[in-house]
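Structure record follows, encoded as structure tokens.
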Amino acid sequence: MANLGFVGLGLMGSGVVRRLLAAGHQVHGWNRTKEKAAPLVDEGLVWCESPREVAERSDVVLTMVTHVEALAAVTEGEDGLLAGLGPGKVYVDMSTVRPAASRRMAERVRETGAEMVDAPVSGSIVTMEAGQLSIMAAGSRETFDRVEPILRDIGPTVTYVGENGKAVLLKIATNLSLAVQMLAFSEGILLAEKGGIERRVAVEVLTNSAMASPMVKYRGPFVLGLPEAAWFDVEMMQKDLVYALDEGRAAGVPLPTTAIANEYLTAARAMGLEHEDFAVVFDVLAGMSGLDTI
Ligand code: NA7
């Protein structure tokens with residue numbers, strides 16, 4: 001069993017740590033908000049006082065934090081993760097960040113003598129708990145081979161996609177469809193509803209139709225009632241779309257449907273819905289259609 005470290009015990013990070021502990025690994029951990037670690041400590045997590053200490057005490061250290069800024073906050077400085085890395089160690093970042101930022105981080109990790117893999121996941125906390133998570137991973141093949149068994153303990157499906165930064169690029173390329181699909185689904189439901197079909201019936205039919213991706217199947221019913229705690233909120237979704245639009249502009253790939261979905265997320269934020277699950281784009285369109293919101 002491996003000697004691991006984990007920084008970023010948010011919704012997804014905590015879920016990953018739980019799976020690693022359940023698989024029998026030793027896990028050292030740190031989170032900005034210490035209280036979130038308490039239930040994990042009860043399950044066997046070894047609390048450390050800084051990201052640096054986590055990296056110092058582990059052979060493989062993983063992070064899963066919100067965005068590029070959060071990644072800088074946990075890696076930089078005297079107490080940062082980079083200061084605790086050294087030859088022989090591997091750093092695995094599971095956050096969804098900009099590919100360029102991930103590539104720069106890999107360079108800096110290499111300067112410490114360690115190696116880095118970017119390994120974002122596709123799927124929600126529910127998918128993870130069900131043991132159905134997909135992980136895409138990038139870095140040198142040799143480093144990937146070292147961490148692959150650990151990644152398999154997190155989610156059964158692990159795909160190697162190439163050198164550093166390519167996994168986060170693929171994650172962003174995956175996630176843009178989630179927002180686009182949710183918006184298209186909302187359009188269909190509202191069109192049916194305006195025509196006199198009950199929303200509940202429309203949801204049942206569409207979520208069992210040819211357009212129902214796994215995401216539409218589990219998130220579609222949210223238009224009948226949002227979850228108390230967002231599975232993936234408007235702010236987080238918009239972060240990924242902004243990263244995608246910037247990548248598209250730089251690479252010369254137009255992303256027309258992403259751009260439109262992004263505007264609906266802006267509208268949702270303007271309506272004070274930034275911490276709701278991003279399924280709430282339905283409400284923006286419902287308001288524009290003169291129909292009841294969720
Ligand atoms: P959560 O549940 O919002 O968790 C975010 C984590 O990032 C959580 O541990 C935060 O610490 C941490 N964070 C955020 N900003 C900072 C700063 N500035 N400094 C240190 N730590 C920070 O998000 P998810 O778990 O759903 O998602 C995480 C990633 O996976 C994200 O990239 C998604 O796109 C995919 P806190 O607990 O707030 O102190």
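The values are calculated or read from the model by the stated rules, or taken from the named source; none is laboratory data. Model, not experiment: these values are computed from the prediction. Backbone-built Cβ (ideal geometry, glycine too); neighbour counts: all protein chains shown. For the accessible areas, the whole protein counts, side chains as well, though only heavy atoms, and no ligand, DNA or RNA atoms are used. Shrake-Rupley method; radii C 1.70, N 1.55, O 1.52, S 1.80 Å.
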Inset, instruction - Could you tell me which residue of segment 77-92 is farthest from Ile150 (Cα to Cα), considering only residues that are within 15 Å of the ligand (Cβ to nearest atom) and in contact with a Pro (Cβ under 8 Å, 6 or more places away or on another chain)? - result: Asp79
Legend entry - Of residues in segment 54-76 being assigned to a loop (DSSP other than H, G, I, E, B) and more than 11 Å from the ligand (Cβ to nearest atom), the one most open to solvent (accessible area, probe 1.4 Å): Asp59
Inset, instruction - Would you point out the residue of segment 1-27, among those that are part of a helix (DSSP H, G or I) and more than 12 Å from the ligand (Cβ to nearest atom), that is least open to solvent (accessible area, probe 1.4 Å)? - result: Leu20
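Could you say whether any residue in segment 28-37 is open to solvent by 30 Å² or more (accessible area, probe 1.4 Å) and more than 11 Å from the ligand (Cβ to nearest atom)?
Here is the first cut: in segment 28-37, the ones open to solvent by 30 Å² or more (accessible area, probe 1.4 Å) are 30, 32-36.
Next cut, more than 11 Å from the ligand (Cβ to nearest atom) only: none.
Within segment 28-37, none of the residues are open to solvent by 30 Å² or more (accessible area, probe 1.4 Å) and more than 11 Å from the ligand (Cβ to nearest atom).
Mind listing whichever residues of segment 154-172 are open to solvent by less than 50 Å² (accessible area, probe 1.4 Å) and assigned to a helix (DSSP H, G or I)? Working first, answer last.
If we filter segment 154-172 for residues that are open to solvent by less than 50 Å² (accessible area, probe 1.4 Å), which is where we start, we get 154-155, 158, 161-162, 164-165, 167-168, 171-172.
Matches in segment 154-172: Ile154, Ala167, Val168, Lys171, Ile172.
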Inset, instruction - Within segment 188-201, identify whether any single residue is open to solvent by 10 Å² or more (accessible area, probe 1.4 Å), farther than 19 Å from Asp283 by Cα and either in a helix (DSSP H, G or I) or polar (S, T, N, Q) (or both), and answer yes or no. - result: no
Inset, instruction - Could you list all residues from segment 225-238 that are more than 14 Å from the ligand (Cβ to nearest atom) and loosely packed, with under 13 Cβ neighbours inside 10 Å? - result: Gly225, Glu228
Legend entry - Near pairs, Cβ below 8 angstrom, 6+ apart or cross-chain, from segment 1-23 (under 15 Å from Glu43 (Cα atoms)) to any residue that is near the ligand (Cβ under 8 Å from one of its atoms) and small (Gly, Ala, Ser): Phe6/Gly13
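Residues that are free of Cβ contacts under 8 Å to residues at least 24 places away in the same chain: which helices (runs of 4 or more DSSP H) entirely in segment 213-294 hold 3 or more of them? Lay out the reasoning, then the answer.
Working: elements: 214-219, 234-251, 256-270, 281-288.
Counting at least 3 such residues, we get 234-251, 256-270, 281-288.
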